[in-house]
Amino acid sequence: MGTNGRAWLALTLAMVTLAGCADGDSPEQDSDGDGVVDALDCAPGDGTRWRFLAGHVDADLDGVGAGPSIQSCVGQRLPAGLSPQGGDCAPDTASLWREQTGLYPDLDGDGATGEGPLTMCVGDTLVGYRAEAGPPDCDDHDARVSEAAWAWTDADGDGVGSGEPVSHCAGRRPPPGHVAVNGDCAPDDLLRAHWLTYSHRDADGDGFTVPEEGRLCGLDRLPQGYSLSANGLDCDDANAARWTERTVYADADGDGFGSGEPRTQCTGRTAPPGYALDAEDCAPEDRTRWQWRAYAHRDADGDGDTVPEQGVVCSGTQLPLGHAEWPTRNDCDDRDASRMVSWSVFPDADGDGVGAGARQSVCAGRSMPQGFSAVDTDCDAVEASRWQDLAYAHRDADGDGFTQPEAGTLCAGATLPAGYATLPRGNDCDDADSRIHTTTQAWADADGDGVGAGDAVALCTDGTVPAPWSAQGTDCAAEDAARWHQVAYAHVDRDADGHTQPEVGAVCTGTSLPQPYFTQATGNDCDDTDAARFRWAVLYPDADGDGVGTSPRMIPCIGGQTPPGFSLKGDDVDDSDASIQEDPEDDLMVELILD
């Protein structure tokens, strides 16, 4: 039987008792004068109460009760602590008594709401909730932030992240190891972070470009050889000696004169090997002949006597045998048997076989008279070691063995003298100084640590990079000789207590990592801001100081010593008495088990 049933049973018993009252009691008697006869009065001796009313316990006195309905003997109204209205959803909180559906949490009151809708217990107002959903709240306990933002992992610490994003509240710092900027094209390289586009390429470094679109992973500028603007149109970007198209002719015999159909070739300052810029070679397969020359006499049968005949023949520096400008048999002195030929010759003062100066007619024998020559092409009439103009294509003015392109002719002997060549050797960047000859890329090394920084420059050197320059350009501390490269670390000891904690990053340093950075762990510091604390320990309160504690167990960060009032042991059966640590009954149980 429920509470209401018990109340009605008590009322019925009371009425039966009144019906069997002793002598003198009347059914119409009203003992307490409250206007209700005793037979119907639930409290005949109390004028303030006369009837039963149902009510619910209202513990928080908010006017709404909770729990089952209870019949109580009252007067005009239910007393405090009871309410005719039930259903209080928060019986112990006076400000909350009714349930409302379709609510959205807004605990920090910033207008942004959490997940909903919810059914919640509320009062007169909806404090902490809203009837309609607001913008999503990333932290409903902080009114200063609500909007969510993304952050990306920044493994190399260059300020640009990558990978899968994580959500955090906008306005706050991203989580450790994360940044708000995405798109790192080299997540593990501190010196590269952004894609840089280019539209022109100079692969061979000759200063002339070709159109080429692409992108590179770098920092803030394109490296050498890449640009956003054109410079000429390199016809061979794989060869620094060729960059422009010119009309050339095949020079099969290598005499510097070509022939045949013109061709368009990619060249530099001179024609490429096997070609010439001049197209007048009359004997393309014979390097000794290349030009048409006139003759006036012909010795077709080779007997040494000529006949008059005019024409032209393909020649070199001299007319070929069987051709001459003057007759070889025309006796000039019929009175002297030793002289019969009138020679048209040129003085050969140096005796090199090639004459120069004004033409002369000399009467002599069948042999060329001494001191004369039939050829007038001697380019140096005084020096016997030089008599012909030889072409050269490369010059070594400073005598260091390295040449630079330069075309011309030189009065020489059988071969070109030192300092002149037909084939290149290197590419001398300064042909006026024998100490330097090779262009080398270098970076300024201001601190003298062997590693440079800044923009690369081209230096003319002896093949090695001189001080204060370096062949490397990766110095991360250009003004500090003790630091020149980024070294990764995985652990730090900021409080210098000899114990590290994990932290991944990179620091600009020299031969080794500086304090407090390490690659290997030493312990696992639980508080790297306090040198006195470095390890986690399971401790128990030890109130009686006997060295054995008891519950509750705790795991604080401590140093080398156990702090006062705590113990590493936790099985003290009486922590208020230092003389008692073990339960005798436990010892007896152990003995029984062992027996």
Quick one: in region 159-190, of everything that is in contact with a Pro (Cβ under 9 Å, 6 or more places away or on another chain) and part of a loop (DSSP other than H, G, I, E, B), which residue is nearest to LEU219 (Cα to Cα)?
VAL160
Taking region 560-586 and keeping only residues that are at pLDDT 90 or above and not aromatic (Phe, Trp, Tyr), one is left with GLN561, THR562, PRO563, PRO564, GLY565, SER567, LEU568, LYS569
In this structure, does CYS138 turn out to be more than 30 Å from ALA490 (Cα to Cα), part of a strand (DSSP E or B) and not assigned by TED's automatic domain parsing to the domain that holds ALA59?
no
Matching residues in region 250-306 - criterion: being loosely packed, with under 15 Cβ neighbours inside 10 Å and of a type in the set (S, T, N, Q):
THR264, THR288
Considering each of ALA252, ALA241, ALA283, ALA300 in turn, give the residue that is touching a residue at least 40 places away in the same chain (Cβ under 8 Å), of a type in the set (A, V, I, L, M) and part of a loop (DSSP other than H, G, I, E, B).
ALA241
β-branched (Val, Ile, Thr), assigned to a strand (DSSP E or B) and under 30 Å from ARG242 (Cα atoms), is that true of THR101?
no
Region 136-194, residues that are in contact with a Leu (Cβ under 8 Å, 6 or more places away or on another chain) and among the small types (Gly, Ala, Ser):
GLY157, ALA193
Filter result for the condition that a residue is among the small types (Gly, Ala, Ser), surrounded by fewer than 16 Cβ atoms within 10 Å (Cβ to Cβ) and free of Cβ contacts under 8 Å to residues at least 12 places away in the same chain, over ALA414, ALA421:
ALA414
Filter result for THR464 (assigned to a loop (DSSP other than H, G, I, E, B), closer than 30 Å to ARG329 by Cα and among the polar types (S, T, N, Q)):
no
Residues of region 339-368 being of a type outside the set (A, V, I, L, M), more than 19 Å from LEU319 (Cα to Cα) and part of a loop (DSSP other than H, G, I, E, B), in sequence order, are ARG339, ASP350, GLY351, GLY365
Select, from ALA43, ALA112, the only residue that is touching a residue at least 24 places away in the same chain (Cβ under 8 Å) and either more than 30 Å from VAL145 (Cβ to Cβ) or touching a strand residue (DSSP E or B) at 6+ places or on another chain (Cβ under 6 Å) (or both).
ALA43
Among the residues in region 107-123, are any closer than 18 Å to GLY134 by Cα, touching a Ser or Thr at 6+ places or on another chain (Cβ under 9 Å), crowded, with 19+ Cβ neighbours inside 10 Å and acidic (Asp, Glu)?
no
Please state which one of ASP577, ASP497, ASP530, ASP480 is touching a residue at least 12 places away in the same chain (Cβ under 8 Å) and more than 53 Å from the chain's Cα centre (by Cα).
ASP577
For the list (1) at pLDDT below 90; (2) exposed (fewer than 15 other Cβ atoms within 10 Å of the Cβ); (3) closer than 30 Å to GLY214 by Cα, I need the number of the one condition that SER167 fails.
(3)
Quick one: is ALA407 surrounded by 13 or more Cβ atoms within 10 Å (Cβ to Cβ), in contact (Cβ under 8 Å) with a residue 60 or more places away in the chain and closer than 23 Å to GLY254 by Cβ?
yes
Breaking point among (1) surrounded by fewer than 18 Cβ atoms within 10 Å (Cβ to Cβ); (2) assigned to a loop (DSSP other than H, G, I, E, B), for THR247:
(2)
Quick one: would you say LEU233 is over 30 Å from GLN318 (Cα atoms), surrounded by 17 or more Cβ atoms within 10 Å (Cβ to Cβ) and not aromatic (Phe, Trp, Tyr)?
no
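Rundown of residues vs (1) aromatic (Phe, Trp, Tyr); (2) in contact with a His (Cβ under 7 Å, 6 or more places away or on another chain); (3) in the same structural domain as GLU479 (by TED's automatic domain parsing); (4) at pLDDT below 90, yes/no style:
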site	(1), (2), (3), (4)
ALA496	no, no, no, no
PRO502	no, yes, no, no
ALA506	no, no, no, no
SER512	no, no, no, no
GLN515	no, no, no, no
PHE518	yes, yes, no, no
ALA531	no, no, no, yes
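The values are calculated or read from the model by the stated rules, or taken from the named source; none is laboratory data. In this text the structure is predicted, and so the values were computed from the model without any measurement. Cβ atoms come from the backbone with ideal geometry, glycine included; neighbour counts cover every protein chain shown.
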